[in-house]
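> I'd like to ask some things about the structure below.
The values are calculated or read from the model by the stated rules, or taken from the named source; none is laboratory data. It should be emphasised that the depicted structure is a prediction, and the values quoted were computed from it without experimental measurement. Don't worry about glycine lacking a Cβ; one is built from the backbone with ideal geometry, like all the others, and counts go over all protein chains shown.
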Amino acid sequence: MGRLRIVAGELKGRRIDVPAHAGLRPTADRVREALFSILHDRVSGARVLDAYCGSGALGFEALSRGAARATFIDADREIVSCVRSTALRLGVEPSCEFLLGRVVPLLRSRVVAGRFELILADPPYASGEGAEFLATAGPLVADGGTIVIERDRREPPAPAPGGLGLVRTASYGRTCLDFFGPSPGG
């Protein structure tokens, strides 16, 4: 098992457990720092969805920076268990919800209730799930909310569903972050 650190906020410097799991690719510290710098004041008080949560680093970073709640979703039981244990150790478990299952089917089944000001997704690279995720998650974003999808820079951005547009892309080595928000007139 590896560890990442929380970059900023109330939990700055605290460690996040990263399970030794094939294919798990935690978002690097510098990418998380850049992501939350771009999001800036959109995090405080937000309800956050961390889809394909892996280590939970994105959701924990959001909670550390003032998010009100975080919902973590992953298809792997060991990963969800590890994220729950980390939340307990960090003392943020009352602000968290943990869902086990494939992300897109869970979102379609309406198991995930409510809307989110911030939706963060890190689907497996080269899986093709980014477009399907974005189309499914679009209705769950609150008015004026933001969806951020992490992808390999060699992959194109997912097409934006109705009412959302690609607002910004930020690149960090092999990683790109695509920011989707309300489209003009949408």
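> State all residues of the range 13-49 that are outside any helix (DSSP H, G or I), closer than 18 Å to ASP152 by Cα and either modelled with pLDDT of 80 or more or not β-branched (Val, Ile, Thr) (or both); if no residue qualifies, say none.
Taking the range 13-49 first, the residues outside any helix (DSSP H, G or I) are 13-28, 43-49.
The next check asks that each one be closer than 18 Å to ASP152 by Cα; those that pass are 22-28.
Correct list: ALA22, GLY23, LEU24, ARG25, PRO26, ALA28.
> Taking VAL80, is it buried (at least 19 other Cβ atoms within 10 Å of the Cβ) and either touching a residue at least 60 places away in the same chain (Cβ under 8 Å) or charged (D, E, K, R) (or both)? Spell out the reasoning first.
Numbers: buried (at least 19 other Cβ atoms within 10 Å of the Cβ): yes; either touching a residue at least 60 places away in the same chain (Cβ under 8 Å) or charged (D, E, K, R) (or both): no.
Taking the combined requirement at face value, the residue does not satisfy it.
> While we're on this one: Considering only residues that are more than 18 Å from the chain's Cα centre (by Cα) and farther than 13 Å from VAL141 by Cα, which ones fall in the range 160-173?
Residue satisfying the conditions is GLY173 alone.
> Mind listing just one residue for me: the one in the range 147-186 that is surrounded by fewer than 19 Cβ atoms within 10 Å (Cβ to Cβ) and charged (D, E, K, R) and, of those, nearest to ARG47 (Cα to Cα)?
Residue satisfying both the conditions and the ranking: ARG168.
> Right, something else. In this structure, does SER55 turn out to be in a loop (DSSP other than H, G, I, E, B) and either touching a residue at least 60 places away in the same chain (Cβ under 8 Å) or within 26 Å of ASP152 (Cα to Cα) (or both)? Explain how you work it out, then say what you get.
Details: in a loop (DSSP other than H, G, I, E, B): yes; either touching a residue at least 60 places away in the same chain (Cβ under 8 Å) or within 26 Å of ASP152 (Cα to Cα) (or both): yes.
For SER55, the condition - in a loop (DSSP other than H, G, I, E, B) and either touching a residue at least 60 places away in the same chain (Cβ under 8 Å) or within 26 Å of ASP152 (Cα to Cα) (or both) - is met.
> Same structure, new question: Going by the conditions given, is PHE98 touching a residue at least 60 places away in the same chain (Cβ under 8 Å) and either under 22 Å from GLY56 (Cβ atoms) or part of a helix (DSSP H, G or I) (or both)? Give the steps one after another, and end with the answer.
On the way: touching a residue at least 60 places away in the same chain (Cβ under 8 Å): no; either under 22 Å from GLY56 (Cβ atoms) or part of a helix (DSSP H, G or I) (or both): yes.
Taking the combined requirement at face value, the residue does not satisfy it.
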